[in-house]
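The structure appears right after this line, and notes come after that.
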Amino acid sequence: MRVCVIVGTEKGAFLVRSDRSRRDWKIEGPLFKGWKVTAIARLSSGRTMFGVASFVYGATLHVSSGTSGPHDLSSWRQIPNGPAFDAARKRKLNQIWTLVEAAGAIWAGVDEAALFRSEDGGESWSLVTGLEEHRTRGSWYPGFGGLCAHSVLVDPRNPRRLWCGISAVGVFRSDDGGASWEPKNSGVPVIIEDAEHKDIGFCVHALARDPDDPSTIYRQDHMGMFRTRDAGDSWQRIENGLPSRFGFPLAIDRATGALFAVPLESDEHRMPIDGKFRVYRSRDRGDSWESLGRGLPAEGSYMGVLRSAVAVDAIQPCGVYVGTTAGTLHVSSDGGDSWRTLPCTLPRISCVAAFVED
């Protein structure tokens, strides 16, 4: 058994591998050298799918060919019929933000904000028109990172119920498999109030679903950290112990429900508070948070952590992996109690994913 951490950056993807102990790491790459790697998914087939982008050539999907087995990442092929807007919509697909497989379908959240769905392993895609043609669509406003559908959650007990987070619009929920959607932002302060649609204008940064209760969802928002226990109908603040309300990533250990976040100083500054790089953990479903700093830089750290740049593996105690905008990668093999900074400086890290392989 080994752990494979895939690190997507502005200039390609890197593979960071170790055995189960997670003590010694080997770094390989880059894959897709010079391309921005924006989304990573391990499919049920065992193959891996990347969303990649170029400011010249646009966004596309690639899947590992699996020539030497399902986890072989040495060869890839581009999917020719990936997510795309038809010419009549006069919109460009700038970036694939997230890829989520559930209940036989793959969902792709993109910029400009939209969802696409594939039912054939990613070979062809259809636009989710229920969200694309939502009654509020004309009032959607981009955040600093663009108008991005960056988070998709699917209820494992009822795959017709799903959630989508869009910056800077808010959280939407569908109860009919994506045919129709309703904003679910009650209790969260609005950031850009629309004159007509009062149920949008909320800048959600990341979502995480509780492993034991699909109706419990955690939300790192521009305006704070929140939790819902009623599938998004209402949200409450959960910030006890956090030094700041602002941050981007939010990750969860599927075995224990432990949450991991990286608070930043403020919207204006977006860097570690007082130059001390810290990860925060909650082991009580968000009721309280504790600072984790053993082995992390204690001073002089002014990098950020993007919304998709924290990952948790499936070994217990869990491994936690945090990539930064400065290209540093910080790993913990004991659920966050202690940390190591790996001896590498990568390009700006955009996303991190961790997989356990046989």
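The values are calculated or read from the model by the stated rules, or taken from the named source; none is laboratory data. Given the structure is predicted, the values throughout are model-derived calculations rather than measurements. Every residue, glycine as well, gets a Cβ built from its backbone with ideal geometry; the counts of neighbours run over all protein chains shown.
Quick notes
- Scope the stretch 156-177; condition part of a loop (DSSP other than H, G, I, E, B) and either among the β-branched types (Val, Ile, Thr) or free of Cβ contacts under 8 Å to residues at least 60 places away in the same chain (or both); matching residues: Pro156, Arg157, Asn158, Pro159, Arg160, Ala168, Val169, Asp175, Asp176, Gly177
- Of all residues in the stretch 121-145, those that are outside any loop (DSSP other than H, G, I, E, B) have Cβ atoms under 9 Å from Cβ atoms of residues that are of a type in the set (Lys, Arg), 6 or more apart or on another chain, in Ser126/Arg117; Leu127/Arg89; Leu127/Arg117; Leu131/Arg137; Glu132/Arg89.
- Residues that are touching a residue at least 60 places away in the same chain (Cβ under 8 Å) number at least 2 in the following strands (runs of 3 or more DSSP E) confined to the stretch 244-355: 247-252, 259-263, 310-312, 320-323, 329-332.
- Single condition Asp194 does not satisfy, out of (1) assigned to a strand (DSSP E or B); (2) of a type outside the set (Val, Ile, Thr); (3) over 22 Å from Arg281 (Cα atoms): (1)
- Contact map, the stretch 185-198: first residue more than 20 Å from Gln236 (Cα to Cα), second residue assigned to a loop (DSSP other than H, G, I, E, B), Cβ cut-off under 6 Å, separation 6 or more or different chains; pairs are Asp194/Ile200; Asp194/Gly201; His197/Thr136.
- Qualifying residue in the stretch 54-62 (condition: modelled with pLDDT under 95, outside any strand (DSSP E or B) and small (Gly, Ala, Ser)): no
- Residue satisfying all of: in the stretch 3-30; charged (D, E, K, R) and assigned to a strand (DSSP E or B); nearest to Ser54 (Cα to Cα) among these: Glu28
- Residue check, Glu112 without any contact (Cβ under 8 Å) to a residue 24 or more places away in the chain and in contact with a Gly (Cβ under 9 Å, 6 or more places away or on another chain): no
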